[in-house]
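Asker: The structure is given below, and queries will be raised subsequently.
The values are calculated or read from the model by the stated rules, or taken from the named source; none is laboratory data. Just so you know, these numbers come straight off a predicted model, no measurement behind them. Because the Cβ atoms are built from the backbone with ideal geometry, glycine has one as well, and the counts that use them run over all protein chains shown.
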Amino acid sequence: MTHTPSFLEHASGTSHKAHRRNLLPRKILFWSLIVFIVYVCVLAFAAVEVYTHTNDAVAALKQAKAEGTALHFESAQQSLSDAQAAFTQAKRFSPILKTAVIIPFVGSSVAQSDALITAGQDVVSSLQSVSDIGQSVLQLSGLNEKYFQEVKSGTRPRVSFSDLSPQTKQLVLARLSASSNQFSVLSSRLQLVQDELGDLSNKTSIGAFASMITSAQEDLSQTQNTLQRVSLFTDLVPAFSGVGKTAHHLILFLNNTELRPAGGFVGNYGIATVTNGSVDSVKTSDVYALDRLAEAQKSTPLTPKEAAPFALQQYNATPDWYFRDANWSPDFSVSAQKLISKYTEETAVMPVALRATIPYADSIDGVIAFTPTFAARILNLVGPVTVGGQTFTAENIADKLEYQVEYAYAKQGIPEAQRKEVIGQLMDAVVKKMTDMPLADWMSVLTLMNDAFATKQLFVYHTKPDVEKVLVHAGWSGNIVAPPAVSDVQLVVDANLASLKSDPVVERTIHYEITKDANGNRIGRTSITYHHTGTFDWKTTRYRTYTRLYVPLGSELIRVTGALKNDRTQNPMGAAGAPDISSELGMTVFGAFIAIEPGATGTLTFEYKLADTVRAAIASGTYTLHALKQDGAGNHALTLDLDFGKNVLHAVPAEDAKEWGDAHYKAKTILDQDKVFQIGL
């Protein structure tokens, strides 16, 4: 093979060109790598800055929450400003992070961090508005940050609501009332932010922000719930505190150791007179003082006398219906209206001079009722109270008070007509302790009240429909709303009839089944088992209860077992009693009587055909059960064993894992408040 003289030169040139062609991509790759490294460093720096500033903002929000709870609104405002500044700093670096939005896995985290910052800014804005309201209220009260510092150092005494002048109280309450809509709007805004954070927490790529979002959710939930309670409270301030006018409220002491449908037997009642937040007077009396005085008015008797409900006549020897038995409906709103009606009716037949001997008002604005369970919780908060040489505590109030009004008064030489005056004295002492509480501690009272409403130991009613609507919306009225037509419902209502104060020693278990009958039809079976753990003594006897079961409208009773005609003293052979069937509150009601001796156990079982609406819900694959708690009742056990004939796919609350994979939904819980069970089939 021959070569030209320029062969080597040509080959060398070709090789050089090839080298340059290979070098160019390497340079591009090198500089690209440098740019990428720089970009990653900038991105990492921006991410660290966003995380650090966001974390600082969340910490400042926590601090603001603590200061606001202690009513240190000036400091809270500073902490909120710090939080806003930190979020603003974090927001400055967001544009850098947004450049990474197209990067797999990283992009979604960037979007979520930006959403978290935006949500945080919304929270700060809302809380600043709340703090502004709080600060203005304190200013009206004549208080400021310096006052709290002096209190903390011990150089100045704490100020309570009772220390404020009547004019100041009126201004404070009016300001709170005027802020009601604002609180409501702010609560809704925080709820929206909470929902947004919930959406973020459900995503899998939140990375370093996971714990931050979880913590923020918890704090925000508490803040939103508190703000919601305050919003409702300010809605009700004018009506119950007598802003601009004097209000008269009927006070009811519902003794749930003698359980009645709407909370407990009305052993004592009172009239509270309130003007501009100041309690002018609280007068209380034995309920029999009212009823007997009314009954004794021969010249103007109650005309016509109203017959008592059937069960009161049959099992309590009460032919006529008086104030003391008027809370017969398990819906407190309904019972409150009946109580007002009976009070008005009975006081109307009395001469003016006689009315002066009992708690009296010519008109009633609201009804406030509570049980000894709630009273014990209040004493747990304010501490022991001494009245008439006796000290009442959260632990002894029910028994000690009962013994005083049933037996001890006679030994002390107190006339029978005055035996329950100790209750009024005790209430006066507790009200004084509460009004003397530092203003900063009142959030604890609101929390306690909210829990008492939920667990059905405290109830409020108002005669104005718009105020009552707020109470119903808040769940504070003790009312019973019939669940939607497509839902199942269980409400067991006991009425202690001539059983002394035996309820605390009677353990109840409610067992609800959906099962098949001999023809393969699905039916409901509700069993209430009563275990009497007490003995015969001064406050305990055999337990006699007229029990009502509220179920969906259209349910058809098949049979009742365990019902008695009366207790063993009047029915020694234990003859079975007949049930009665009615409808009330948009539900079908089955009623029956049962008596249980001390140390014994008795079970009352209602078996019935499920309402068409319930069977249709099961067929559609979406079943919901509303298990409602009776007003004033203890926290009884509830067990469910629901056979749907097809597999349970999901449920809230979920079954134990060992129960999964069959057609039964099984659950054991404590009915401490209304509960909802949702099952998908």
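Asker: Return the only residue of 406, 402, 468, 395 being modelled with pLDDT of 90 or more and assigned to a helix (DSSP H, G or I). Even if it seems obvious, please write down each step before you answer.
Answerer: On the way: 406 fails: modelled with pLDDT of 90 or more; 402 fails: modelled with pLDDT of 90 or more; 395 fails: assigned to a helix (DSSP H, G or I).
After ruling out the rest, the residue left standing is 468.
Asker: I've got another one for you. I'd like the full set of residues that are surrounded by 21 or more Cβ atoms within 10 Å (Cβ to Cβ) and of a type in the set (A, V, I, L, M, F, W, C), limited to the stretch 471-496.
Answerer: Those that are surrounded by 21 or more Cβ atoms within 10 Å (Cβ to Cβ) and of a type in the set (A, V, I, L, M, F, W, C): 471, 476, 480, 489, 491, 492, 493, 495.
Asker: Okay, moving on. Take the conditions at negative phi, surrounded by 17 or more Cβ atoms within 10 Å (Cβ to Cβ), assigned to a loop (DSSP other than H, G, I, E, B) and among the small types (Gly, Ala, Ser) and apply them to residue 634. Does it pass? Let's see the steps before the verdict.
Answerer: Working: at negative phi: yes; surrounded by 17 or more Cβ atoms within 10 Å (Cβ to Cβ): yes; assigned to a loop (DSSP other than H, G, I, E, B): yes; among the small types (Gly, Ala, Ser): yes.
Yes: the conditions hold for residue 634.
Asker: Next question. Listed residues 523, 423; which is in the same structural domain as residue 339 (by TED's automatic domain parsing), surrounded by 18 or more Cβ atoms within 10 Å (Cβ to Cβ) and at negative phi?
Answerer: On the way: 523 fails: in the same structural domain as residue 339 (by TED's automatic domain parsing).
Sole residue among the options that is in the same structural domain as residue 339 (by TED's automatic domain parsing), surrounded by 18 or more Cβ atoms within 10 Å (Cβ to Cβ) and at negative phi: 423.
Asker: Further, regarding this structure: Please work out which one of (1) under 30 Å from the mean Cα position of the chain (by Cα); (2) of a type in the set (A, V, I, L, M, F, W, C); (3) within 17 Å of residue 249 (Cα to Cα) is the condition residue 361 fails and give its number.
Answerer: Here residue 361 clears every test but (1).
Asker: Do we find that residue 413 is surrounded by fewer than 19 Cβ atoms within 10 Å (Cβ to Cβ) and on the phi > 0 side of the Ramachandran plot in this structure?
Answerer: Yes; evaluated as a whole, the condition is true for this residue.
Asker: Among residues belonging to the stretch 441-455 that are surrounded by fewer than 16 Cβ atoms within 10 Å (Cβ to Cβ) and among the small types (Gly, Ala, Ser), point out the one that is nearest to residue 377 (Cα to Cα).
Answerer: It comes out as 444.
Asker: Please determine whether any residue of the stretch 502-510 is of a type in the set (Gly, Ala, Ser) and closer than 28 Å to residue 286 by Cβ. So that I can check it myself, show each step before the final result.
Answerer: Filtering the stretch 502-510 for residues of a type in the set (Gly, Ala, Ser) gives 502.
Imposing the further condition that a residue be closer than 28 Å to residue 286 by Cβ reduces the set to 502.
Scanning the stretch 502-510 turns up at least one residue that is of a type in the set (Gly, Ala, Ser) and closer than 28 Å to residue 286 by Cβ.
Asker: What's the total number of residues in the stretch 597-631 that are buried (at least 21 other Cβ atoms within 10 Å of the Cβ), hydrophobic (A, V, I, L, M, F, W, C) and assigned to a loop (DSSP other than H, G, I, E, B)?
Answerer: The qualifying residues number 2.
Asker: Would you mention how many residues in the stretch 336-374 are crowded, with 20+ Cβ neighbours inside 10 Å, closer than 17 Å to residue 455 by Cβ and touching a strand residue (DSSP E or B) at 6+ places or on another chain (Cβ under 8 Å)?
Answerer: 5
Asker: Right, next: I'd like to know if the stretch 556-579 contains one or more residues that are touching a residue at least 60 places away in the same chain (Cβ under 8 Å), among the hydroxyl-bearing types (Ser, Thr, Tyr) and either touching a Ser or Thr at 6+ places or on another chain (Cβ under 6 Å) or within 24 Å of residue 312 (Cα to Cα) (or both).
Answerer: no
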